[in-house]
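A.B. asks: Submitted below is the structure of interest, expressed as structure tokens.
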Amino acid sequence: MEQPYYETFQEINELGIQLAYHTTPGGYHPLHWHEEIELLYLLNGEFTIQIEGQKYQIANKHLTVIDSRQVHSTYTYSDTSMFICIHISGKYMEKYLPDLDMYQIHCIPDDIADEQFPEYLSICKQMEELTRLYIEDVPAYLMEAEGIIMQILAHLIRFFSARTVSADSAADKLTLERIRNVITYVEEHFREPISLHDIAGRLGLSKEYFCRFFKKNMGMSFLQYVNEVRVSHIYQDLIRTDTPVGELAEQNGFSNQKLFNRTFKEIYGCTPSSVRKNNK
């Protein structure tokens, strides 16, 4: 799956810790998921994140943790935002916590309890230290970075995780698996024509049932979601390339220019040409 919203991740070790420090223009990253646990620390700006259907407003100097396989999206308001992002594989975590699947990490600023707050501030300071090490490229940076990340993980598991004794129902698991399959398929095929009939058939559902299922669980129609994914990729291409807007729309799956312009304006509140002009 493409990851156009981060700079190339730097491998901290060969077992599955990756770190990216990046500056990005404001933008929208549609609903997606990944196997890794994600630590997202906002250094500058603000953004909205949606995790499993719940929206949170995140201010700068705050950490948000997205657990493995959680469906999430982000919308950045600032003209320029700076993040440090860490991806940690389950394989790495299982070295120290074999029953990892029985734990769920929940660390979101709005939900921090009073007794957790000192630990939360401590973790945020460690993220700041990681940023300093990364920017200054100090000697033995990777060794020190891995040590700090391991400390952060230990604190997250100790103070911000819960043992999930009762597993989700079979119906809940099936729903989440279907949503993940749809998201993955769209991310891999958004440049091609995607029909409701095809995607419903992949899930073994009727077209009518799939439309109701998707709207109920994603809060939007399937067509709207596909177009948001396409537009979000075009946004990045507008900044990174000089390809004419019409060509970008066509390359990313839009056959109707008016629909593209309307969708883009609805999401970003401006025209594609103004995005390109403001990021020159």
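The values are calculated or read from the model by the stated rules, or taken from the named source; none is laboratory data. What you see is a predicted model; the values in this text were computed from it and never measured. Glycine gets a Cβ as well: all are built from the backbone with ideal geometry, and neighbour counts include every protein chain shown.
A.B. asks: Could you check segment 23-120 for strands (runs of 3 or more DSSP E) lying wholly inside it with 3 or more residues that are free of Cβ contacts under 8 Å to residues at least 60 places away in the same chain and assigned by TED's automatic domain parsing to the domain that holds LEU153?
C.D. replies: Per the criteria, 37-44, 46-51, 54-59, 72-76.
A.B. asks: Next up: May I ask you to list the residues in segment 126-160 that are out of contact with any helix residue (DSSP H, G or I) (no Cβ under 8 Å at 6 or more places or on another chain), among the small types (Gly, Ala, Ser) and at pLDDT below 90?
C.D. replies: Residue satisfying the conditions is ALA140 alone.
A.B. asks: Which is basic (Lys, Arg) and surrounded by 14 or more Cβ atoms within 10 Å (Cβ to Cβ), of ARG69, ARG158?
C.D. replies: Just a single option satisfies the conditions, and that option is ARG69.
A.B. asks: State whether the residues of segment 218-235 include one that is assigned to a helix (DSSP H, G or I) and surrounded by fewer than 12 Cβ atoms within 10 Å (Cβ to Cβ).
C.D. replies: No; the residues of segment 218-235 include none that is assigned to a helix (DSSP H, G or I) and surrounded by fewer than 12 Cβ atoms within 10 Å (Cβ to Cβ).
A.B. asks: Note down all Cβ pairs under 7 Å where the first residue falls in segment 263-280 and is surrounded by 13 or more Cβ atoms within 10 Å (Cβ to Cβ) and assigned to a loop (DSSP other than H, G, I, E, B), the second is at pLDDT below 85 and not aliphatic (A, V, I, L, M), and they're at least six residues apart or on different chains.
C.D. replies: ASN279/PRO25
A.B. asks: Output the number of residues of segment 187-206 satisfying the condition of being part of a loop (DSSP other than H, G, I, E, B) and among the basic types (Lys, Arg).
C.D. replies: 1
A.B. asks: Go through segment 123-143 and give me each residue that's over 20 Å from LEU43 (Cα atoms) and not hydrophobic (A, V, I, L, M, F, W, C).
C.D. replies: The one that is over 20 Å from LEU43 (Cα atoms) and not hydrophobic (A, V, I, L, M, F, W, C): PRO139.
A.B. asks: Now a separate question. Would you mention how many residues in segment 233-256 are within 21 Å of ILE194 (Cα to Cα), modelled with pLDDT under 95 and polar (S, T, N, Q)?
C.D. replies: Adding up the residues that qualify gives 2.
A.B. asks: For PRO25, are the conditions met, namely being touching an Asp or Glu at 6+ places or on another chain (Cβ under 7 Å), crowded, with 21+ Cβ neighbours inside 10 Å and at pLDDT below 90?
C.D. replies: Here the answer is no, as PRO25 does not meet what is asked.
A.B. asks: Additional query: Does any residue of segment 207-216 turn out to be surrounded by 14 or more Cβ atoms within 10 Å (Cβ to Cβ), outside any loop (DSSP other than H, G, I, E, B) and of a type in the set (Asp, Glu)?
C.D. replies: no
A.B. asks: Is there any pair with a first residue in segment 191-214 that is in contact (Cβ under 8 Å) with a residue 40 or more places away in the chain and in the same structural domain as ASN227 (by TED's automatic domain parsing) and a second that is hydroxyl-bearing (Ser, Thr, Tyr) and surrounded by 13 or more Cβ atoms within 10 Å (Cβ to Cβ) whose Cβ atoms are under 9 Å apart and which are 6 or more apart or on different chains, and what are they?
C.D. replies: ILE194/TYR185
A.B. asks: Oh, and also: Mind checking which residues of segment 89-125 are at pLDDT 90 or above, in contact with a strand residue (DSSP E or B) (Cβ under 7 Å, 6 or more places away or on another chain) and of a type in the set (A, V, I, L, M, F, W, C)?
C.D. replies: Answer for segment 89-125, where residues must be at pLDDT 90 or above, in contact with a strand residue (DSSP E or B) (Cβ under 7 Å, 6 or more places away or on another chain) and of a type in the set (A, V, I, L, M, F, W, C): ILE105, CYS107, ILE108, ILE123, CYS124.
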